[in-house]
Amino acid sequence: MTLSMHPSTLLLTRELPNLQYSSTRDRFDETWEAPLSTLLGLGRAAGADFVEFFLERVNYINCLAEDDTITSISPRLSTGAGVRVFRGKADCYVSTNDLSFTGLKAALEKGLSILGLQLPAPNGYVPEINLELLRDYATKKGKESWLAGCSSMREMGEILLDANAQLKQKATHVQSRRAVYFRDWQEVLVAASDGTFARDIRLTQSVGYNLLCADGANRSSISKRVGSTSEPDFLRSWNYQTDAEEVAESAGKMLYADYVESGNYPIIMANEFGGVIFHEACGHLLETTQIERKTTPFADKKGEKIAHESLTAWDEGLSQDAFGTIDMDDEGMPAQRTLLIENGILKNFISDRTGSMRTGHPRTGSGRRQNYTYAAASRMRNTYIAPGNYTNEDLFASIDKGIYCKKMGGGSVGPTGQFNFAVDEAYLIENGKITKPLKGATLIGDAQEIMNKISMCSQDLGLAAGFCGSVSGSVYVTVGQPHIKVDSITVGGR
Amino acid sequence: MPNIDELAGYTQASAERLGIKKFDIYGSSVDETSVQVDSGEPKQVKASNRSSVIVRVWNKDNTVGVTSTTDVDRDGIDLALKTAYEASFFGVKENVPDFSPEATAELKADTEATAPQAPVSQLIDTLIEAEKKLLQAHPAIKGVPYNGLSQRDFSRFYLNSNGAMRNEARSYTSIYLYTKTEQEGKKPRSAGAFRINRSLEQIDLQGCVQEAAEKTISHLDYEKIKSGKYRVVFSPEAFLSLLGAFSNLFNAQNILDKQSLSTPESLGKQIASPLLSVCDDALHPENIAAETFDGEGTPTRRIALITNGVLSNFIHSAGTAKRFNTQPTGHANIGAKVSVSSHFYHVFPGENASQEYSLDSAENIIFIDDVQALHAGVKALQGSFSLPFDGWIVNNGKKTSIESATVAGDFLELLQSIVFVEQEPELTPTGVCPKIWVDNLSITGE
């Protein structure tokens, strides 16, 4: 018996120009195994420690109804790929629209050269990368039919016009009515030099209202959106009557609201989108991206108390149809449920592959990106505060003078842990009762301080769809919480 | 991206085969490289070469449909035309977008301003050096968590079935440096700076490092501020941030959609202090990312928006100009519904001020360097804002950093409350502007 260094079937670099791969253009399936395996081997042969390809196809459409007219239907078709190359802890990410073998090879070569690596000489071997059997969440879960099952352009238009007609009936002092919808269908394929080979289809949809009311100098603008993944029937099942009533009522109340008087107040934040407080004030600071940048005060606090003992919080990708739900992340890892904080104690961070490599915290299936032009980063999925033992009545009864933040706007957190978010619909609380509507409130604070001031959690956990912008673009997320009480927070107003 | 002549050729052929007689295309391609560093080592290098186009087609009923795609070869364009044609039957029947009457007008500005890209290794070395200088600038500066140096070659084109065809190419390089401090017993502080120019050689690296360091150091000693009404000085960047957030004031499409603080009758009204004048000027010599034509092929130009406090023009697409019975201004973004947006603001003094002010002698002034979280704190349709900011309280030239606070108000009231527009302009990424002094704004601190 004789042994040789390489099996005779190994590819030589000089043979690359003669390869004739024929992957299907319209689908990411097993036909992509051979070319991607070769390219991954090529990257390893050049000296890369790790190589990953992310392929993406998108079929997106949005539709806008203004008053009683459809004013825009805009389809977008997109294909592209990103290749990430690691050498030690340094990495390079190259993206391209060209999904041909030549195009992907060019992107790989560019990434390698940036890291100071070169393809092997013509007589060099390309090592074989044995990819796993395609882990195909799309086929396994019957997602192939999702796109065809979504509403047609005609149906989109009809539903949005009906919805806007409802809003006209419900609201007063209307200056403009908008119903907006988008459908984002995305097919992804991930192949990496550690053998990862996985495919998925995601279907994300959102629909909602933007209502502007005006009466002389008084103005109010209220929006509401709902969102879903994995549900082709989503638009057809939109309960726009209920949403129209809610939006009209909020706009009516806020039209004549006084501006909030600035100061420090105890506040009650409503459930569902109120969860933006945890998303901004804590969730971002538990991403390994922030640990890498040294922009989180929680970096070395695992196992320590970082929040009030009444607070338990999760980040997960598994809730049925929630806006941030994913079967696998954009690095091919199955999503999981991650306990972030338990009774005030920090339990886990949110980690992607790079974050895990650079910080030591285990991957949590949280490597996410907006599209192929971004490298994946540690990002939240469905993030929420768990329900507590109090009732809403308990929360209100504990406040003599404070503010009820019923509907939150967006927010952000900076590199020093300072956060802020806007309140779209607020009310004054006096002696445990809601007394009058208020507008113009911005909540500001420090993440570490605020986490210890969330002292009461109600039982009515509710989730809401949101969009989160960060280093890897804008991704779909869920925020959520029950009604909570914050003992004291700075409210910016007039 | 294939060359434009080639793309025009196979688009025309595909359109003919599909029976599409009227179409236009706007497209762009970008070749960019960016680097980030961390503690003297490269952190991530990104490179991208990508293209996209948006096609509009008109059907026999003269309704329009669009599709955008990143797949710009023959098959991709063919599919995009088919999809756009399908969408065209759901297009608007009133005020249907049409070709700009100026899509074939002569372009008077240079359409090419390119520079060779520097090697990646040079970008990394440059950024590492900048990081090093910042870390040496003060013992409290422990990191530069957000930093980046990028260079971009950008080209764009517009063509239509009536024979319009134009293109341009630009290069630019930009750097941002955002530091963070750590001091025992004190809260971390941060500040940053940004520069842009045509090439790495031309970029003001030293100025960027110096500004980031000086700002950061100036925030080390901070104090809470008492809530109340203050005279406020906006830095050029802060004022332009607010102006951009309320740009619906000048936006003809927003006005037609009733999504603006203005109405068609607002033209000629005094909306600001007579001390203020504002133009939008895509071709301003300081605008590195200048665009010579808009998404409909209309040449860009300088447009006076506010003249001595009077609202003097709106910005238009071809469609809004037609409805306002005026000329397009070169501000259109192509789409199923054409939108309108500004390019590059030039803010300057209007009428002479009766009294001049200086931060060197003023007392109890809030100097706002940077407003944050505009996406959350601005109610663009209500005119109100409530925003966290970085800034200082200034007394006779002494600046004391403000720990955390918000500024709130009504933008139209703010414009009327301007008491001084300084002479000296500063270049920012979104325009050229001096410091702006405003009376009686609400500040919330403690």
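Residues that are assigned to a loop (DSSP other than H, G, I, E, B), farther than 24 Å from A:GLY332 by Cα and open to solvent by 40 Å² or more (accessible area, probe 1.4 Å) were ranked within region A:93-139; the one that is farthest from the other protein chains (Cβ to nearest Cβ) is A:ASN123.
Of all residues being in a loop (DSSP other than H, G, I, E, B) and within 30 Å of B:ARG56 (Cβ to Cβ) in region B:136-183, which is nearest to the other protein chains (Cβ to nearest Cβ)? Just the residue, please. Quick ask: steps written out before the conclusion?
Looking only at region B:136-183, we keep the residues that are in a loop (DSSP other than H, G, I, E, B), and these are B:138-140, B:161-164, B:182-183.
Within this subset, residues satisfying the condition of being within 30 Å of B:ARG56 (Cβ to Cβ) are B:161-164.
Values: B:SER161: 20, B:ASN162: 23, B:GLY163: 26, B:ALA164: 22 Å.
Of everything passing the filter in region B:136-183, B:SER161 is nearest to the other protein chains (Cβ to nearest Cβ).
Just to be sure, is B:LYS82 closer than 27 Å to B:THR69 by Cα and within 12 Å of chain A (Cβ to nearest Cβ)? When the stated conditions are applied, B:LYS82 passes them.
Any residue at all in region A:175-187 that's open to solvent by less than 10 Å² (accessible area, probe 1.4 Å) and farther than 30 Å from A:GLU249 by Cβ?
Yes - at least one qualifying residue is present in region A:175-187.
Checking every residue in region B:53-62 against the condition of being within 10 Å of chain A (Cβ to nearest Cβ), in contact (Cβ under 8 Å) with a residue 60 or more places away in the chain and under 31 Å from the mean Cα position of the chain (by Cα) gives at least one match.
Within region B:216-240, the set of residues being away from chain A (no Cβ under 14 Å) and crowded, with 22+ Cβ neighbours inside 10 Å comprises B:VAL233, B:PHE234, B:SER235, B:PRO236, B:ALA238, B:PHE239, B:LEU240. Got a sec? Which of A:ALA48, A:ALA90 is among the hydrophobic types (A, V, I, L, M, F, W, C) and at pLDDT 90 or above? Only one candidate passes the filter, namely A:ALA48.
Counting only residues that are open to solvent by 30 Å² or more (accessible area, probe 1.4 Å) and away from chain A (no Cβ under 14 Å), give me the strands (runs of 3 or more DSSP E) lying completely in region B:256-373 with at least 1 of them. Please lay out each step first, then the result.
Working: elements: B:276-281, B:302-307, B:345-349, B:365-371.
Result: B:302-307, B:345-349.
For residues in region A:422-448 being crowded, with 22+ Cβ neighbours inside 10 Å and farther than 19 Å from A:ASP258 by Cα, which is nearest to the other protein chains (Cβ to nearest Cβ)? Taking the candidates together, the pick is A:ILE444.
Can you work out which of the residues in region A:25-67 that are under 22 Å from A:TRP185 (Cα atoms) and in a loop (DSSP other than H, G, I, E, B) is nearest to the other protein chains (Cβ to nearest Cβ)? Don't jump to the end; show me each part of the working.
Of all residues in region A:25-67, those under 22 Å from A:TRP185 (Cα atoms) come to A:25-32, A:53-65.
With the extra rule that they be in a loop (DSSP other than H, G, I, E, B), the set shrinks to A:25-29.
Values: A:ARG25: 8, A:ASP26: 10, A:ARG27: 15, A:PHE28: 15, A:ASP29: 19 Å.
Going through the qualifying residues, I end up with A:ARG25.
Where residues in region B:98-129 are farther than 24 Å from B:SER155 by Cβ and either at pLDDT 95 or above or surrounded by 15 or more Cβ atoms within 10 Å (Cβ to Cβ) (or both), which of them is nearest to the other protein chains (Cβ to nearest Cβ)? If you could, list the steps in order and put the result at the bottom.
First pass over region B:98-129, keeping only residues farther than 24 Å from B:SER155 by Cβ: B:98, B:101, B:121, B:124-129.
In the following step, the residues that additionally are either at pLDDT 95 or above or surrounded by 15 or more Cβ atoms within 10 Å (Cβ to Cβ) (or both) were identified as B:98, B:101, B:124-129.
Numbers: B:ASP98: 16, B:PRO101: 22, B:ILE124: 9, B:ASP125: 13, B:THR126: 15, B:LEU127: 13, B:ILE128: 12, B:GLU129: 18 Å.
Across region B:98-129, the extreme among qualifying residues is B:ILE124.
Of all residues in region A:439-482, those that are touching a Leu at 6+ places or on another chain (Cβ under 6 Å), part of a strand (DSSP E or B) and closer than 17 Å to A:ALA422 by Cα total 1. Listed conditions (1) of a type in the set (A, V, I, L, M); (2) open to solvent by 20 Å² or more (accessible area, probe 1.4 Å); (3) under 14 Å from B:LEU123 (Cα atoms) are all met by B:ILE175, apart from (2).
Only one of these is more than 12 Å from chain B (Cβ to nearest Cβ), among the aromatic types (Phe, Trp, Tyr) and outside any helix (DSSP H, G or I): A:PHE278, A:PHE273, A:PHE298. Name it.
On the way: A:PHE278 fails: outside any helix (DSSP H, G or I); A:PHE273 fails: outside any helix (DSSP H, G or I).
It is A:PHE298.
Only residues that are open to solvent by 30 Å² or more (accessible area, probe 1.4 Å) and either part of a helix (DSSP H, G or I) or aromatic (Phe, Trp, Tyr) (or both) were counted across region B:28-87, and they come to 6.
Of all residues in region B:390-434, those that are modelled with pLDDT of 95 or more, surrounded by 23 or more Cβ atoms within 10 Å (Cβ to Cβ) and small (Gly, Ala, Ser) total 2.
Return yes or no: is A:ASN348 within 22 Å of the chain's Cα centre (by Cα), surrounded by fewer than 20 Cβ atoms within 10 Å (Cβ to Cβ) and away from chain B (no Cβ under 14 Å)? Working first, answer last.
Working: within 22 Å of the chain's Cα centre (by Cα): yes; surrounded by fewer than 20 Cβ atoms within 10 Å (Cβ to Cβ): yes; away from chain B (no Cβ under 14 Å): yes.
Yes: the conditions hold for A:ASN348.
Quick test for you: out of A:THR354, A:THR359, A:THR383, pick the one residue that is open to solvent by 10 Å² or more (accessible area, probe 1.4 Å) and touching a residue at least 60 places away in the same chain (Cβ under 8 Å).
On the way: A:THR354 fails: open to solvent by 10 Å² or more (accessible area, probe 1.4 Å); A:THR383 fails: open to solvent by 10 Å² or more (accessible area, probe 1.4 Å).
Among A:THR354, A:THR359, A:THR383, only A:THR359 is open to solvent by 10 Å² or more (accessible area, probe 1.4 Å) and touching a residue at least 60 places away in the same chain (Cβ under 8 Å).
Restricting to region A:413-438, what's the tally of residues that are at positive phi and in a strand (DSSP E or B)? Steps first, please.
Going residue by residue through region A:413-438, those that are at positive phi are A:417, A:431-432.
Subsequent filtering for residues that are in a strand (DSSP E or B) retains none.
Total meeting the criteria: 0.
May I ask you to list the residues in region A:203-234 that are within 13 Å of chain B (Cβ to nearest Cβ) and in a strand (DSSP E or B)? Once the filter is applied, which keeps residues that are within 13 Å of chain B (Cβ to nearest Cβ) and in a strand (DSSP E or B), region A:203-234 yields A:ASN210, A:LEU211, A:LEU212, A:CYS213, A:ALA214, A:ASP215, A:ASN218, A:ARG219, A:SER220, A:SER221, A:ILE222, A:SER223.
Looking for something assigned to a strand (DSSP E or B), in contact with a Gly (Cβ under 8 Å, 6 or more places away or on another chain) and either open to solvent by 50 Å² or more (accessible area, probe 1.4 Å) or not acidic (Asp, Glu) (or both) - is there at least one such residue anywhere in region B:199-215?
First, the residues of region B:199-215 that are assigned to a strand (DSSP E or B): none.
No.
The values are calculated or read from the model by the stated rules, or taken from the named source; none is laboratory data. Values in this document were obtained by computation on a predicted structure and should not be read as measured data. Reconstructed Cβ throughout: ideal geometry from the backbone, glycine too, with neighbour counts over all protein chains shown. We work out accessible area using only protein heavy atoms, side chains counted, and drop any ligands, DNA or RNA first. Shrake-Rupley method; radii C 1.70, N 1.55, O 1.52, S 1.80 Å.
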